[in-house]
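The values are calculated or read from the model by the stated rules, or taken from the named source; none is laboratory data. If you're wondering where the values come from, they're calculated on a predicted model, not measured in any experiment. Note that each Cβ is placed from the backbone with ideal geometry, even for glycine, and that neighbours are counted across all protein chains shown. With ligands, DNA and RNA removed, areas are computed over all heavy atoms of the protein, side chains included. Shrake-Rupley method; radii C 1.70, N 1.55, O 1.52, S 1.80 Å.
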Amino acid sequence: MTPPPPAPPRYVVKINYLALRDGPSVSAAQIATFNFNDEVELLKTSGAWGRVRDVRRNIVGWCNMHYLARGND
């Protein structure tokens, strides 16, 4: 029996306000916002952008990885 895949790595937001976008671009529509210390799971990356899932609200979108710090997995 194969073990389940590992959980996605967790990150925390390190600024007071971070836009969650519909795509990996500042021109993509903003679908939600994060606050300082909100926790996300990193699903994939595209350049400086990460596709993340908001742990608390279960919303998936894109944000700039520069504003995230690796959390405690």
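Here are some notes:
- Restricting attention to the stretch 54-73, the residues that are under 16 Å from residue 14 (Cα atoms) and either touching an Asp or Glu at 6+ places or on another chain (Cβ under 8 Å) or aliphatic (A, V, I, L, M) (or both) total 7.
- Picking from residues in the stretch 55-73 that are among the polar types (S, T, N, Q) and in a loop (DSSP other than H, G, I, E, B), the one that is most open to solvent (accessible area, probe 1.4 Å) is 72.
- Subset tally (residues that are of a type in the set (A, V, I, L, M), open to solvent by 70 Å² or more (accessible area, probe 1.4 Å) and within 12 Å of the chain's Cα centre (by Cα)) for the stretch 9-54: 1
- Residue within the stretch 1-18 that is in contact with a Phe, Trp or Tyr (Cβ under 8 Å, 6 or more places away or on another chain) and among the small types (Gly, Ala, Ser) present: no
- Against the list (1) assigned to a strand (DSSP E or B); (2) open to solvent by 70 Å² or more (accessible area, probe 1.4 Å), the condition residue 1 fails is (1).
- Hits in the stretch 48-66 - residues which are in contact with a helix residue (DSSP H, G or I) (Cβ under 9 Å, 6 or more places away or on another chain) and of a type in the set (Gly, Ala, Ser): 48, 50
- When each of 32, 7 is tested for being modelled with pLDDT of 95 or more and either touching a strand residue (DSSP E or B) at 6+ places or on another chain (Cβ under 8 Å) or of a type outside the set (Ser, Thr, Tyr) (or both), the lone residue that passes is 32.
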